[in-house]
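S.K.: Shown below is the structure under consideration.
The values are calculated or read from the model by the stated rules, or taken from the named source; none is laboratory data. All of these numbers come straight from a predicted model, not from anything done at the bench. Please note that ligands, DNA and RNA were not included when accessible areas were found on the heavy atoms of the full protein model with its side chains. Shrake-Rupley method; radii C 1.70, N 1.55, O 1.52, S 1.80 Å.
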Amino acid sequence: MNQNSGKTIFKNGKSRKGIKNEYGHCIFELFWKGKLVYEFGHFKMNNWKTNNYELNIGMENNEIKPSLEIYGPDSIKADLYFKKITE
């Protein structure tokens, strides 16, 4: 999902070239029909290196089921979490 990968990411309905390359907690939000439905992320150890992210979104029993793969230096230390946002 970075600017050189050819994959598109979106923010506020507009495509963006890439994700900020920072260290610390990287948090992503997934909106569905204008509502925040999931928050997910991990702790990035170094801002000098870049990870690639692959988000897959599936549906099961009319419910969104996302999964995230991280490729890069933080993939093993990812400390990955998903949080379903409920009303």
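S.K.: Within segment 48-81, how many residues are under 11 Å from the mean Cα position of the chain (by Cα) and of a type in the set (Ser, Thr, Tyr)?
M.R.: Here the count works out to 3.
S.K.: Just to check your reading of the model, which residue among 13, 18, 41 is modelled with pLDDT under 80 and open to solvent by less than 40 Å² (accessible area, probe 1.4 Å)?
M.R.: 18
Here is a yes/no grid of residues against (1) of a type in the set (A, V, I, L, M); (2) within 16 Å of residue 29 (Cα to Cα); (3) assigned to a strand (DSSP E or B):
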{"site": "42", "(1), (2), (3)": "no, yes, yes"}
{"site": "46", "(1), (2), (3)": "no, no, no"}
{"site": "54", "(1), (2), (3)": "no, yes, yes"}
{"site": "59", "(1), (2), (3)": "yes, no, yes"}
{"site": "68", "(1), (2), (3)": "yes, yes, yes"}
{"site": "79", "(1), (2), (3)": "no, no, no"}
